[in-house]
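I have placed the structure first, in the form of structure tokens, so that the comments after it can refer back to it.
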Amino acid sequence: MKDFLTRHGILYDVSAKRAELFDKVEEYVASKGGRWYFKKYIVDEFAKSKGVSVVRLPPYHCELNAIEMLWADVKQELRREGTVDTTLADVRLNTLRLLRSFPSEKAAKLMEHVEKLEDEMRQKLQEHKEKRQRWLKQKLEERKAQRRARAEADALRAEAAAVEEKNAEEIEAEENRRLEEAEEDRARKIRSEYGYLEDGYEWSGDYDEQVALFEDADDQAFDEEDKADAYAEYEYEREDEDSDAVEESEL
């Protein structure tokens, strides 16, 4: 990089680091229009040393260069006129003659042909651009439609969830109401069964205490019934055993 800067007369600090030197090189290259400015070919340098300037045609789309068509026509004429005995000097003279005598009408037709090709290419580029714009617009509409569909689906799911939650709450409320009604019916039956509640009168006494007393009374009654049943069964078995003993003694 130091050699490059020195050859092009660019001042720099000898103690500068590589990054600083690189920045100076990049700055100089950019000021000249880019790296292509420094790209040189051996053939071009040799031709320049002989006083010849090489003119290069664009490397692509030769059909858009009328000079390419002219040169193709000249080469075709040279091949038709030349023989194996034609010297290089004669080829040079014939080339200059053909170039100088090239008809202006034919050159104009070549230019018209190139303009026609340019119009066709320009039209194709415009069609390609419009086609791409239509494609992009279609994709944009599809994406918008997809987003709308997703939003509608999310809204429907949210609405369904809200309805389901509302139904669940209503079902739960209905079940609670039925349980409360059943509990109230049970309480009314208990009160009515034990004679503590009559139509038009309030409950006398503590409800829970009275219910506990009633349940204890029921349990006691059940216990008495169990004892009576057990005693009756005992008496029955004893009588059965006595009967069997009498029959055995008689035998």
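Worth a mention:
- C-alpha center-to-center spacing [region 1-35, region 108-133] in angstrom: 44 Å
- Ranked for footprinting exposure by Cβ neighbours inside 10 Å, fewest first, Trp71, Trp36 give Trp36, Trp71.
- Among Tyr37, Tyr12, Phe22 - extreme Cα towards positive end, dipole of region 1-56, charges at beta-carbon: Tyr37
- Dipole axis of region 36-118 (+1 Lys, Arg; -1 Asp, Glu on Cβ), positive-most option in Ala107, Ser49, Leu70: Ser49
- Relative contact order [Cα under 8 Å, 6+ residues apart], region 40-167, whole percent: 23 percent
- Computed packing ranks the peptides 108-115, 50-57, 15-22 as 108-115, 15-22, 50-57, most packed first, by mean other Cβ atoms within 10 Å.
- Lysines with Cα under 23 Å of Lys144, excluding same-chain neighbours fewer than 8 positions away: Lys129, Lys131
- Tensor-based shape of region 36-134 (alpha-carbon gyration tensor, a/c under 1.5 rounded, otherwise prolate or oblate): oblate
- At an R0 of 51 angstrom, the distance between the Cβ atoms of Leu96 and Arg18 translates into a FRET efficiency of 0.40.
- Spacing of the modelled spin labels on Asn176 and Lys39, each 7 Å from Cα toward Cβ, amounts to 8.3 nm.
- Rough spin-label spacing in nm, given labels placed 7 Å along Cα→Cβ, for Ala72 and Leu117: 0.6 nm
- 3J(HN,Hα) along region 168-177, derived from phi through the Karplus expression 6.51 cos²θ - 1.76 cosθ + 1.60 where θ = phi - 60°, amounts to 4, 5, 5, 4, 4, 5, 5, 4, 4, 5 Hz, with x in place of Gly and Pro.
- In a fully extended conformation the segment linking Arg147 and Thr86 would gain 14.3 nm over its present Cα-Cα distance, using 0.36 nm per residue.
Values in this text are rule-based calculations from the coordinates and carry no lab data. Since the model is a prediction, treat every value here as computed from it, not as a measurement. We place every Cβ from the backbone using ideal geometry, glycine too, and count neighbours over all the protein chains shown.
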